[in-house]
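Have a look at the structure below before the remarks.
The values are calculated or read from the model by the stated rules, or taken from the named source; none is laboratory data. Keep in mind that this is a model prediction, so the values were computed, not measured. Glycine gets a Cβ as well: all are built from the backbone with ideal geometry, and neighbour counts include every protein chain shown.
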């Protein structure tokens, strides 16, 4: 950088650093990896603000109501890639009314107007309509990436618009969306001249696809790296597709089930042996175990294996996973059981992320032998393990202490004991001590979900020790207001807090009102809040939006209710956009 | 929304959709709902859940995953509400009769619609619009839910639509059984 203020030789002096042209700063900022760093730079002075905002290419809006779409377009005029998230996380579990909001339309319309050069659009937990997709297809001449995660509101008609309109599309990534099937053969609408696809994920689509059309599409898209099929593709067709795309890196097999036939087995085995670049594998496998050896040739190369929709179990499954020595990510059902996780522990030493999902979450009678033992084994033997999601039925403090000691490098620890209020099954004590060990040992912990029988004590530890914690999920825990107070008065880095069915009331919320503005959002449902506290909070903190949802009363106007009225659910978030105007009747802004 | 009591650790979760009764219920055609109506009139607060009631949305398994993992005996049909781009799925096989099914439908959309039990309607509290549960049968005809024996309905129902009352006047119940 130039030497500021030098007067020695005026002709040769570089301009003072604070007078460098914007392009220099823009170039410097392009090396800042995190948006938060760019934001910090932009906040330091006007010229940096100007340079940063004009050169920002990627924008992540973590709460679609935190700012208006127009605010975003005005502030960052050169954005090429946008990600917007809508509904609160608990919408995944049905706790948010379907008409709550999170419409993508205002964002799509603002983008069409203000970001004509937009290349990437990603929506998560939002309502995306066919109109939105049509506008996208018509508005951005260089549109390349569409990613929709846990969205709803659109149909195959909208997908047709994308297929026919987006000439430069590279990625169409549909993850776990609710898509209406209009029986439109949308795949047919990719023109014959269209060859740019790199990612095609339609695994969540119900309904048939034309295999011949898919085959032709896969054949002509030579750069196709990710292909995730839906349930409509039978096994023998899968083999054919793989032959046409041996360069595939990520494969979702769709419904992998068929009666065992030797010739089909050999066909599959041969097809997979041609896929030398295959690294990531997923699928909804009602797999007949006898087919698993067809995959053996790719096991060694796999870094990511998602069997979380696979109901296959037993020794064949374990043998298969045991061959995947280079796994970094494993998502699996609890059908793997402790003995399967013991094999994972000994074979998959590069494992970084483990998720174990419940195969029968609502059926207590269906007992699968997956206990704390499995998690203890994996955390003891996998030195790079840093992210865990684990559903199980029993846990002990001792196991958690052991896990904490073995794996201080956890960044994400989510434990879900299926039955609420379950204590340590040996000592019958609350699991406070165990979870405290986790937060004390794992200094880099960013995300935590607690479960089981827990008192306020665990929250005292979390508040005091979890300095890097950004997201905390609490359910059926705590015994008094103190629990919430410990969290809100501690947890320096907390961004998202979601709480359900805990005896937390008004006092800690009001006492820590200022904290809420340092956070992205707070969700509290089935706790002990009253309308009066919500009113006070809203009055005290004008830059927070306090949304109240009361299901059993229907749409009773808040004005008619007293301060003492109990509140089912609140969702509080900071916003610069003021109160939103698209709430349904059951949601009211205080 | 139901809350588990502090001492519910002993009772196991019950499988099947068993939403806690809120104050409102729907009535069947011809069946007496006087008891329900009285209960509704008397209840103003959330009452504590029955010991075996399972909390809504627990365990935290994504709806998408929950639907994907149902066994093949399930009969999942889509449920649409007129005028809203929301799609929900309901498992007809998981309910033993119209009462349970209507309760589940109500629970799905309860936050926006509340039930008028006597008239078998759901009402949008904001607009006053009334919705009637209808379904598309195997022949592609739209019928009123509740007119045929439940088993027959489950077999022939392809999808469900909560139709605005004004449009549903054109539907007539089946006059003959097949």
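Given the residues A:109, A:83, A:134, which is the only one that is surrounded by fewer than 20 Cβ atoms within 10 Å (Cβ to Cβ), touching a strand residue (DSSP E or B) at 6+ places or on another chain (Cβ under 9 Å) and modelled with pLDDT of 95 or more? Lay out the reasoning, then the answer.
On the way: A:109 fails: touching a strand residue (DSSP E or B) at 6+ places or on another chain (Cβ under 9 Å); A:134 fails: touching a strand residue (DSSP E or B) at 6+ places or on another chain (Cβ under 9 Å).
None of the other options fit; the residue is A:83.
Are any of the residues in segment B:82-98 modelled with pLDDT of 80 or more, surrounded by 18 or more Cβ atoms within 10 Å (Cβ to Cβ), more than 30 Å from residue A:331 (Cβ to Cβ) and out of contact with any helix residue (DSSP H, G or I) (no Cβ under 8 Å at 6 or more places or on another chain)?
Within segment B:82-98 (the criterion being modelled with pLDDT of 80 or more, surrounded by 18 or more Cβ atoms within 10 Å (Cβ to Cβ), more than 30 Å from residue A:331 (Cβ to Cβ) and out of contact with any helix residue (DSSP H, G or I) (no Cβ under 8 Å at 6 or more places or on another chain)), the answer is no, since none of the residues qualifies.
Just to be sure, is residue A:305 surrounded by 16 or more Cβ atoms within 10 Å (Cβ to Cβ) and farther than 30 Å from residue A:167 by Cα? Steps first, answer last, please.
Working: surrounded by 16 or more Cβ atoms within 10 Å (Cβ to Cβ): yes; farther than 30 Å from residue A:167 by Cα: yes.
When the stated conditions are applied, residue A:305 passes them.
Just to be sure, is residue A:92 within 14 Å of chain B (Cβ to nearest Cβ), farther than 18 Å from residue A:165 by Cα and assigned to a helix (DSSP H, G or I)? I'd like the intermediate steps shown before the answer.
Details: within 14 Å of chain B (Cβ to nearest Cβ): yes; farther than 18 Å from residue A:165 by Cα: yes; assigned to a helix (DSSP H, G or I): yes.
Taking the combined requirement at face value, the residue satisfies it.
Test residue A:356 against the stated conditions and say whether it is in contact with a helix residue (DSSP H, G or I) (Cβ under 7 Å, 6 or more places away or on another chain), crowded, with 18+ Cβ neighbours inside 10 Å and within 14 Å of chain B (Cβ to nearest Cβ). Spell out the reasoning first.
Details: in contact with a helix residue (DSSP H, G or I) (Cβ under 7 Å, 6 or more places away or on another chain): yes; crowded, with 18+ Cβ neighbours inside 10 Å: yes; within 14 Å of chain B (Cβ to nearest Cβ): yes.
Taking the combined requirement at face value, the residue satisfies it.
Do the conditions hold for residue A:528, that is, is it surrounded by fewer than 22 Cβ atoms within 10 Å (Cβ to Cβ), assigned to a strand (DSSP E or B) and modelled with pLDDT of 95 or more?
On the way: surrounded by fewer than 22 Cβ atoms within 10 Å (Cβ to Cβ): yes; assigned to a strand (DSSP E or B): yes; modelled with pLDDT of 95 or more: yes.
So residue A:528 passes the test.
The rows are residues; the columns are (1) in contact with a helix residue (DSSP H, G or I) (Cβ under 6 Å, 6 or more places away or on another chain); (2) free of Cβ contacts under 8 Å to residues at least 60 places away in the same chain; (3) under 30 Å from residue A:300 (Cα atoms).
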site: A:342; (1), (2), (3): yes, yes, yes
site: A:362; (1), (2), (3): no, yes, no
site: A:418; (1), (2), (3): no, no, no
site: A:438; (1), (2), (3): yes, yes, no
site: A:450; (1), (2), (3): yes, yes, no
site: A:455; (1), (2), (3): yes, yes, no
site: A:458; (1), (2), (3): yes, yes, no
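Return a yes/no flag: does segment A:442-459 have any residue that is part of a loop (DSSP other than H, G, I, E, B), under 22 Å from residue A:503 (Cβ atoms) and more than 14 Å from every other protein chain (Cβ to nearest Cβ). Reasoning before the result, please.
Of segment A:442-459, the ones part of a loop (DSSP other than H, G, I, E, B) are A:442-446, A:450-455.
Those still in the list that are under 22 Å from residue A:503 (Cβ atoms) too: A:450-455.
So of that shortlist, the ones also more than 14 Å from every other protein chain (Cβ to nearest Cβ) come out as none.
There is no residue in segment A:442-459 that is part of a loop (DSSP other than H, G, I, E, B), under 22 Å from residue A:503 (Cβ atoms) and more than 14 Å from every other protein chain (Cβ to nearest Cβ).
Which condition breaks for residue A:556 when tested against (1) more than 20 Å from residue A:456 (Cα to Cα); (2) at pLDDT 95 or above; (3) surrounded by fewer than 17 Cβ atoms within 10 Å (Cβ to Cβ)?
(2)
Each row is one residue, and each column tells you yes or no for (1) out of contact with any strand residue (DSSP E or B) (no Cβ under 7 Å at 6 or more places or on another chain); (2) assigned to a loop (DSSP other than H, G, I, E, B); (3) at pLDDT 95 or above.
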| site | (1), (2), (3) |
| --- | --- |
| A:340 | yes, no, yes |
| A:346 | yes, no, yes |
| A:351 | no, yes, yes |
| A:354 | no, no, yes |
| A:360 | yes, yes, no |
| A:369 | yes, yes, no |
| A:376 | yes, no, yes |
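Can you confirm whether residue A:73 is crowded, with 22+ Cβ neighbours inside 10 Å, closer than 21 Å to residue A:582 by Cα and at pLDDT 95 or above? Spell out the reasoning first.
Working: crowded, with 22+ Cβ neighbours inside 10 Å: no; closer than 21 Å to residue A:582 by Cα: yes; at pLDDT 95 or above: yes.
No.
In segment A:247-268, is there at least one residue being at pLDDT 90 or above, touching a helix residue (DSSP H, G or I) at 6+ places or on another chain (Cβ under 8 Å) and within 21 Å of residue A:169 (Cα to Cα)?
There is at least one residue in segment A:247-268 that is at pLDDT 90 or above, touching a helix residue (DSSP H, G or I) at 6+ places or on another chain (Cβ under 8 Å) and within 21 Å of residue A:169 (Cα to Cα).
Checking residue A:493 against (1) at negative phi; (2) surrounded by 22 or more Cβ atoms within 10 Å (Cβ to Cβ): exactly one of these is not met. Which one?
Single failed check for residue A:493: (2).
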